[in-house]
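Where a number appears in this text, it was derived from the coordinates with a stated rule and is not lab data. What you are looking at is a predicted structure, and each value in this text was computed from that prediction instead of being measured. Cβ placement follows ideal geometry from the backbone for every residue including glycine, while neighbour counts extend to all protein chains displayed.
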Amino acid sequence: MATSTSAKKHLATTLLVPELRRKHYAQTVADSKAGKKVAWCSNNIPSEILEAMDITSVYLENYATVCASKRLSSAFCRAGERAGFSQDVCGYARILMGYLLGGDDLPEAPYGGPAKPDILIVNSYSCDSRMGWFTTMARTLDLPLYVLDSPYQPGGGCTDPDNIVYTESQLRGLIAFLEEYTETSFDPTRLRQRLELAAKANDIQVEIYQMRKHVPSPMGAGDAYTAVWPGMYLTGSEECDRFYEQLRAEMRERIENGIGIVPEEKLRLMWSGLPFWYNMSLMNYFEEKGGVVAIENAFFRQLRSLPQQDEDPVRDMALRSTMRRGYAGGIGERIDLTVEVAREYSIDGVILSYNPSCRLFYILQPALKNALDRAGIPTLALECDMADERTYSEGQVKTRLDAFMERLLARRQGDRREIRPS
Amino acid sequence: MGEALVAGIDVGSHNVSAVLLGPSGILGHAVLASAEEGERAARRSLEEACARSGDLPIPEAVVATGCGRSHVSFAARRSSEVLCQARGTHHLFPQARTVLNLGAESNRAVRISADGRATAFATNDKCAAGSGRFLELMARVLEVPLEEMDELALAADSRAEVSSRCTVFAESEVISHIHRGVPKAQILAGIHAAVVDRIVELAGRIEVEPEVAVTGGLARNRALLAELESRLDLPLLVPPEPRIVGALGAAIR
Amino acid sequence: MKSDLHEARERRHQEARAWKKRTGGKVVGLFCCSVPEELIHAAAMLPVRLLGEHEDTTEADVHFPVNVCPYPKACFDQALKGSYDYLDGMVVPNVCDMVRAMFGFWQTSSPLPFLYFLEVPQKISPESTEFFTVELRRFRGALEAFGGEPIGDDAIQEAIRLCNADRELLRKLSALRVTAGVPGSLVQDATLTAMVLPKERHLELMKAALAESQTSPTANGLPLFLSASMLDESDFVRLIEESGGHVVADDMPAGTRYFQADVDEADPDPIRALARRYLEEIACPRKMLPEAHLAHMLLLLEGSGARGVVIHNLRACDCHLYEYPYFKKELEARGMSVLFFRGEETATELEQQRADIEAFIEMIEG
């Protein structure tokens, strides 16, 4: 088993996140006690709408990663499996189902457990697993569930009016559901404010991703997987915007002063797929050999926010989400993007994280390997679950990473020898 | 079955066992390694059981079970291992409500009603991890005689981590433990823990109800039994000859 | 004893090629019960549901990792091996992660003149039906562009009538499982062939099968209900029959889910009628919530006389795997024993499953 789990942070701004997160979860519990309504949400449920209705959101995938990072996944996954959920299904789901259905012998959940929900909201696209997971939770807890649907659009964004109409109907359906089950009312002005803030935060993050092309890398995956957190879970807030402004300023400073992650950057790696949340220190493992995980593809943002498309903020959301597919997307598109990023970020080698229980990323990995092979970029496949630490074998993983780095370093040496004049 | 003698034969992948049953109980039994083809091994095992009964004749009423049961042409009936394990266990331990049958190649967990019928079951025969074959493989890798494995494992004061997910994975982990000089006892303790992990998982599929009996070849492995008892937090009922329970259950049929 | 229907499934590629040669028409492959085949028939094209083979997926393995649903992988494997080189087009519905991925893989590895992603909603609601109606109009437009011919409402109504007629015969045969001991494997072969043969040809085969069923030997095994995520061959059902069981009712895509509901012929808007039937009336767990799906299954179970339930879910099928603990609990609470298989569709799998099925049947019989 791994002895340490957190990644060492190189940036000061990133060090703020654990406290932000702890405060956020504490706030959700306090909100619940104060009588505010709490919604358990899957990723991609727009918190901007919930915030505009004074409803507190708890994102369960994130809570699962917190459980994993606190080394609780074995106990919770086992409990989830005892309750009948196959090892094939999402590690996050097994953790939460274990928490909900497991007995008294379970260890204490982080932050005392997520705030008790009043309603559940799930988006039906992006993956199959969350539907099964959320419908099970709704039944177990006997709570109302709203399914937010959307056209899939494998080809990416489009302006098809019928797609927009459907997406809008789903968002309005969500608002109607929230009004019915929480007796709160929807404030379009607040939504507009949050959307604007979220758009700004997105744009700053896009800039930050671009800045990571710089050699030496000003921020590696060790910081980045933590730095994404506010953008995913505090989106639409002033706090979130301030965080990314600060992060961008720090990045600029590091670039100006040539401050990298390691004294001498010998290798630039990319992490494809989800990280192993129970052992993020792996992101630092390469540093001893002068390696940096310069970029990761899991939460990558490269598109600036679209300008406002409509006065009405709900219609605006529908328009923008139809015109621009932020998540998933077609297989071909996702593969091309990853190869392009590997080239643009001067990547020497890609680590392909095969998480068998996360079908969304897992399906893609061999095809991605093939594409990277064709592009002449070396890869290493690691097959471990992103949340269930029982699938991880420290010795094996490190042995393979060592060999991969040796290979890449030798390759780099070879290149340099060719360039040197005779 | 009345006054007549009945025989049960369990044609497993490693052993063929036979039980001769009369109105007063088990009259003779035998367990032979099934090195030859099923039909002959079955016959030999039955002959041996009869010989040990004080040379009673081979009965007409023969019921066969085990993975090779279809090869026993002289059997009057055939019955599934699940049901035979339930009946055989109930005969030996009427208070048992769950039996964990741990064989060379496959495991099964069966719930037993108060009147000795199987009411639910789960099997694992696709994957080697958790079976006797896994332990045999590990014995070879560690160069430890199979019969000494459990004693060594019990002597360990701590345990090396061995994956329970996959035999191939586990094997390479064991080899790296060996290279790093980890004492064999600790590795063996880890191996036994991994096997028990899989057994507990299997048992979880039918919801274990006490009392719990353990049968099959692996039930002679004291380290495994100790670990299993600790994991389930339940005392285990183990017959003196755990490899004949299937044949016994067949005979009761 | 294998029936004509079974043979027809085995010869489906030759049949499709022969149809092409005979009519000069186009063949359009598809996944899943959610695609309204009526529209393809109305376009004078032949819809064929893709089916795999139980052999090593050597070609597809280059593209896919191990822990994915074997069914679409096996279909893709067949495409890469050339078995489906007579396809002129493909329709990939928005139905699950693996099938959605097929769209991208087909695009890059097996390009076709027509490759359409059908935006099937992932939820059942009035707005979703509205959207699906619009999407089916778009689909019709795409088929018209592909075929170079307009597809009138009349043609669609005719196709609906033909498909309804076929479904009617399938329902008749299906009911005979309970009342007349018609084997479950025959009904499944009948359904599989319905998904791949020209309708007129299938109707003939159905009439013959129904006539023959009057005099055929009856199945007399223990009545069982089969719930499956996807079985593209009848050999699993046949295994149950060989082990002493008789599948009298089912809830599976290549089974009752395909033929249970008809399209409303009285609706003046055939596209809307199709949208309603294909979204609202198919018990697909990707759209239908588990409570509704269970209720649906219990209705099928009732009156079938089944004494136990066999659930066969392909590995990595999230949609079905999440339902399983709930279904198991509810079925057992109603006195039904449940036998679960996590299927891998390998060639050796069936033999391993035999022992469990035999034990299950013996256990229920007592």
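The table for this structure:
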quantity	calculated
Inter-part distance where the range C:209-242 and the range C:144-173 are each reduced to a Cα centre, Å	28
Mean Cβ neighbour count within 10 Å, used as a protection proxy, ranking A:296-305, A:124-133 highest first	A:124-133, A:296-305
The protein assembly as shown: Rg to Rh, with Rh as the Kirkwood radius over Cα pairs	0.98
Relative contact order (percent, whole number), the range B:27-138, Cα cutoff 8 Å, 6+ residue spacing	16
Calculated on alpha-carbon atoms, Rg and Dmax of the range C:23-169 in Å	15.8, 46
Test item: A:123-133 mean partner chain Cβ contacts at 10 Å	6
Residue order, fewest to most beta carbons within 10 Å, for B:Leu21, C:Leu192, B:Leu152	B:Leu152, C:Leu192, B:Leu21
Counting all C-alpha pairs of chain B, share separated by more than 29 Å (%)	31
Whether chain C is rounded, prolate or oblate, judged on the alpha carbon gyration tensor where a/c under 1.5 counts as rounded	rounded
³J(HN,Hα), Karplus 6.51/-1.76/1.60, whole Hz, each residue of the range C:25-36, x for Gly, Pro	x, 9, 9, 10, x, 8, 10, 6, 5, 7, 8, x
Least to most buried among C:Ile124, C:Ile40 (fewest other Cβ within 10 Å first)	C:Ile124, C:Ile40
Kirkwood hydrodynamic radius over Cα pairs of the range C:82-199, then Stokes diffusion coefficient at 10 °C and 1.306 mPa s, in µm²/s	93
Number of partner chain Cβ atoms within 10 Å, mean per residue of C:275-288	1
Estimated distance in nm for a label pair at A:Arg324 and A:Thr159, the labels positioned 7 Å out from Cα along Cα-to-Cβ	1.6
Helical contribution to [θ] at 222 nm, DSSP H n ≥ 4, -39,500 (n - 2.57), averaged over the protein assembly as shown, rounded to 500	-15000 deg cm²/dmol
Kirkwood Rh, angstrom, the range B:104-253 [1 / mean 1/r, Cα pairs]	16.0
Cβ-based charge dipole, the range B:94-239, positive-most Cα from B:Leu218, B:Ser106, B:Ser176	B:Ser106
Relative contact order (%) - criterion: Cα under 8 Å, at least six apart; region: chain C	19
Ratio Rg/Rh [Cα only; Rh per Kirkwood] for chain A	0.96
Between the range C:308-340 and the range A:198-220, the alpha-carbon center distance in angstrom	47
Hypothetical label at A:Gln309: residues of the range A:162-178 whose amide nitrogen lies under 17 Å (7 Å Cα-Cβ projection)	A:162-173
Proxy reagent accessibility, fewest Cβ within 10 Å first, across B:Asp10, C:Asp356, A:Asp373	A:Asp373, C:Asp356, B:Asp10
The range C:52-162: relative contact order as a whole-number percent, Cα under 8 Å and 6+ apart	18
The range B:146-197-the range A:75-152 distance, computed between alpha-carbon centres (Å)	34
Whether the range A:162-221 is rounded, prolate or oblate, judged on the alpha carbon gyration tensor where a/c under 1.5 counts as rounded	prolate
Net lengthening on full extension, A:Ala410/A:Gln246 (0.36 nm per residue, minus Cα-Cα)	55.2 nm
R0 of 35 Å, Cβ-Cβ distance B:Asp115-B:His179: FRET efficiency to nearest 0.05	0.05
Relative packing of peptides C:97-109, B:199-211 - highest average C-beta neighbours within 10 Å first	C:97-109, B:199-211
Per-peptide average of other Cβ atoms within 10 Å, ordering C:229-238, C:142-151 highest first	C:229-238, C:142-151
Global geometry of the range C:98-139, whether rounded, prolate or oblate, following the gyration tensor of its Cα atoms and the 1.5 cut on a/c	oblate
Partner chain coverage, peptide A:153-159 - average Cβ within 10 angstrom	2
Cα long-axis angle, helix B:184-204 against chain B (0 to 90 degrees, to the nearest 10)	50
